[in-house]
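Novice: Here's a structure for you.
The values are calculated or read from the model by the stated rules, or taken from the named source; none is laboratory data. Predicted model only: the values in this text are computed from it and were never measured. Backbone-built Cβ (ideal geometry, glycine too); neighbour counts: all protein chains shown.
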Amino acid sequence: MNRLSLSLCAAAAISSLSAQDARQIAEEAQRRTRASSQRYEGTLTVTNKAGKTAEKRWQYERFGSHGSSKTVLRFTAPAEVKGVALLVVNHADRASDQWMWTPALQRERRIALQDRSTRFFGTDFSFEDLEERDVDQYDYKMLGEEAIDGAPCWRIEWRPKQTKRSQYTHAVVWIRKDNYALAKVESFTKDQLARRLHFRDIRNVQGIWTAHLLDMEDLRRASRTILKFETLQYNLPLKDENFTLQALRRE
Amino acid sequence: MRISRYKRCAASSLALAGVLTLRAQNFTQRGYLETRLQAYPQAAPGDSGRALADALFRYEAAYKPNTAWRFAGVFDAQTDTHRQVERRWNLSWQDRTVPDPAFSVRRLSAAYSRGGLTVEAGKQFIRWGKADLLNPTDRFAPRDYLRVVDNDFLAVTAARLLYERGADTMDLVYVPRFTPSRIPLLGQRWVVLPDSIPAGVEIRDLGSRFPGGPQFGARWNHVGSGFEYSACFYQGFQHLPLLDARAVSLRPPRAEFQRLYPDLRLYGGDVALPLTWFVVKAEAAWFTTSSTQADEYVQYVIQLERTRGEWFFVGGYAGEAVTNRRSPFDFAPDRGFARAFLFHAGYNLDTNRSLSFESSVRQNGDGLWMRWQYSHALGQHWRATAGFNWIRGGAEDFLGQYRRNSHATLAFRYSF
């Protein structure tokens, strides 16, 4: 009996320790990407099940740091979606607020929480995938270690807390040991792998290790979106007033 | 240190190229050329044409010289086979012509922003309301109703002040000169004369009597945690006309009519509330007037909205309660789509192809409008859209009166 209690206590202590380690790793990964702002131009290539491809381009700007950042993402090509924009206002304690601006309608539309599992404008990213993942919104569990693209990584399970509403029941995240950059994320819905995001071409930009190519696979649709970053910059002098609903309307 | 003329010239060229590049980055443009074909299986009284074609070239440009200023312009050029577009070379600014102008400035405005303040002056689009199916509070948004069910918004010449502070936005609008909605042309299929008017009556269009004086509106919007609501006030004129018609002679039988735009005061509000399964959106407005010819009424819309996977659904009801009935003779498609169940659904087949379905079903079953559309993007620039509008109902119903106007459409758009 005593031996069993001791074993249970030891197991609980080890589990707690590994959860603590996993969280610390996630925190460190987040800390290392901290920047007051970010801007890039991205090219998206969407390839569907039949092998047909479509190309889109967007310009992305982020203001503020994790927990309270705001982002504006505006399509620049193809011509028929040029000007369509998404404003994401992230919150530390709850899900983000999102609005989409459609120039042809001259109106913005709030993206409701329950609609965020929807694909974003024909890409394999859902609206939820465009939110930032703040460490405080998840519980962590260390699953082990595994190399991705030859780089040793920690393999950590992220499970959204009760307060966060998510289409995913959990995600398995690979974080590189050498620079704490995300290497891969597998997102699950009811224990079924739904999306796989691979971070490639990781380079140091202004002291921040950043993937320049995101490869997102939607396994249920058997389609893939590759997002290539161009002209990526951090810590630009952006203004808070350019991340409001009013600013969203100003194309 | 002496710098050679060659080096100075090269440095100047580089600096100029840099400035031009920077300026080019602040200039954006887009546009499209669209041709549409419409085929009507049935001839209509007074219009035997069954096939129509039109073409529209739209060019939009915006220039931001700095973070505070923004200039935006949209230019339209169009033509058609059915004389719904003028055959004149003049450029329209006010959108007061009876047919569509061949060339028009669709938008031309300058905006200045600083902090939470934005001031915009010029011809611009102003959209109020949150509902998607019908917007009772959207009073600065006249439309081109030449083809009733395929309509497009018109801009207004206005000065607008928006002030955003935290979760609240105040919107003040002043319109010095009235812009009416464009209504169907006499002698064409979207004008359906009452059965009481015998065949052979000559009807003369005496034009419009536009109201003088400005329009004013104020709207306060609050964005809460997961919900939004707003309240608004409008004082101005109805952009849809009353028709002042009278018989002028019996032999030969002749009648004439003129468009009048009664004054209008509106009190309204809207709300968007995401629930577990749906987003509920509601919008209501109370319309009052000092005119003895126009009705006073309350119009409201309540709709449920959901996006799931590749589907989106919007369904709801648009209602109306007349508080002071004066039985006007008018053209009022906004009221024509009220007292009806409205539905809109769409499905993305893949990245390039989509289907959509819209309908309006009168609550008493007297009128029905349905539209199916298939849209296919071809490469980076081309899109083909095929659709069918099906209209049924009784002669007394707003939708039903167009029962001979069911039609198929085919459109090709080149975007750049």
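One line per residue, one yes/no per condition, for (1) closer than 25 Å to B:Q215 by Cβ; (2) among the polar types (S, T, N, Q); (3) more than 22 Å from the chain's Cα centre (by Cα):
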residue: B:V248; (1), (2), (3): no, no, yes
residue: B:P253; (1), (2), (3): no, no, yes
residue: B:F257; (1), (2), (3): yes, no, yes
residue: B:D263; (1), (2), (3): yes, no, no
residue: B:G268; (1), (2), (3): yes, no, no
residue: B:A285; (1), (2), (3): yes, no, no
residue: B:T289; (1), (2), (3): yes, yes, yes
residue: B:R306; (1), (2), (3): no, no, yes
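Novice: Keeping to the stretch A:109-129, report how many residues are more than 10 Å from chain B (Cβ to nearest Cβ) and surrounded by fewer than 19 Cβ atoms within 10 Å (Cβ to Cβ).
Specialist: So in the stretch A:109-129, the residues more than 10 Å from chain B (Cβ to nearest Cβ) come out as A:120, A:125-126, A:128-129.
Right, trim to surrounded by fewer than 19 Cβ atoms within 10 Å (Cβ to Cβ) and you get none.
The total comes to 0.
Novice: Taking the stretch B:270-306, which residues are free of Cβ contacts under 8 Å to residues at least 60 places away in the same chain, within 12 Å of chain A (Cβ to nearest Cβ) and crowded, with 21+ Cβ neighbours inside 10 Å?
Specialist: Within the stretch B:270-306, B:V279 is the sole residue that qualifies.
Novice: Scan the stretch A:194-251 for residues that are within 14 Å of another protein chain (Cβ to nearest Cβ) and without any contact (Cβ under 8 Å) to a residue 60 or more places away in the chain and jot them down.
Specialist: Selection gives A:A194, A:R220, A:E241, A:Q246, A:R250.
The rows are residues; the columns are (1) outside any loop (DSSP other than H, G, I, E, B); (2) away from chain A (no Cβ under 14 Å); (3) acidic (D, E).
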| residue | (1), (2), (3) |
| --- | --- |
| B:L33 | yes, no, no |
| B:Q38 | yes, yes, no |
| B:A62 | yes, no, no |
| B:G73 | yes, no, no |
| B:H82 | no, yes, no |
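Novice: Is it the case, given these coordinates, that B:D263 is among the acidic types (D, E) and either within 14 Å of chain A (Cβ to nearest Cβ) or surrounded by 19 or more Cβ atoms within 10 Å (Cβ to Cβ) (or both)?
Specialist: Criteria not met by B:D263.
Novice: Next up: Hey, which of the strands (runs of 3 or more DSSP E) in the stretch B:160-227, taking only ones fully inside, have at least 1 residues that are in contact (Cβ under 8 Å) with a residue 40 or more places away in the chain and under 27 Å from B:A255 (Cα atoms)?
Specialist: Qualifying strands (runs of 3 or more DSSP E): B:202-209.
Novice: So in the stretch B:373-406, with the set limited to residues that are surrounded by fewer than 19 Cβ atoms within 10 Å (Cβ to Cβ) and within 14 Å of chain A (Cβ to nearest Cβ), which one is nearest to B:Q363 (Cα to Cα)?
Specialist: B:T385
Novice: Turning to a different aspect of this structure: Tally time: how many residues in the stretch B:88-146 are touching a strand residue (DSSP E or B) at 6+ places or on another chain (Cβ under 9 Å) and part of a strand (DSSP E or B)?
Specialist: Qualifying residue count, the stretch B:88-146: 24.
Novice: Another one. Could you check how many residues of the stretch B:244-260 are touching a strand residue (DSSP E or B) at 6+ places or on another chain (Cβ under 8 Å) and either assigned to a loop (DSSP other than H, G, I, E, B) or surrounded by 19 or more Cβ atoms within 10 Å (Cβ to Cβ) (or both)?
Specialist: Residues in the stretch B:244-260 being touching a strand residue (DSSP E or B) at 6+ places or on another chain (Cβ under 8 Å) and either assigned to a loop (DSSP other than H, G, I, E, B) or surrounded by 19 or more Cβ atoms within 10 Å (Cβ to Cβ) (or both): 4 in total.
Novice: Would you be able to tell me the number of residues in the stretch B:330-357 that are hydrophobic (A, V, I, L, M, F, W, C), in a strand (DSSP E or B) and touching a Leu at 6+ places or on another chain (Cβ under 7 Å)?
Specialist: Number satisfying all stated conditions: 2.
Novice: Something else: Test A:A183 against the criterion of being among the small types (G, A, S) and surrounded by 21 or more Cβ atoms within 10 Å (Cβ to Cβ), and give yes or no.
Specialist: Yes, satisfied.
Novice: Could you say whether any residue in the stretch A:143-163 is part of a strand (DSSP E or B), basic (K, R), at pLDDT 90 or above and more than 24 Å from A:T45 (Cα to Cα)?
Specialist: Taking the stretch A:143-163 as the starting set, the residues that turn out to be part of a strand (DSSP E or B) are A:143-148, A:151-160.
Narrowing further to those that are basic (K, R): A:155, A:159.
The next check asks that each one be at pLDDT 90 or above; those that pass are A:155, A:159.
Adding the requirement that they be more than 24 Å from A:T45 (Cα to Cα) leaves A:155, A:159.
Yes, some residue in the stretch A:143-163 is part of a strand (DSSP E or B), basic (K, R), at pLDDT 90 or above and more than 24 Å from A:T45 (Cα to Cα).
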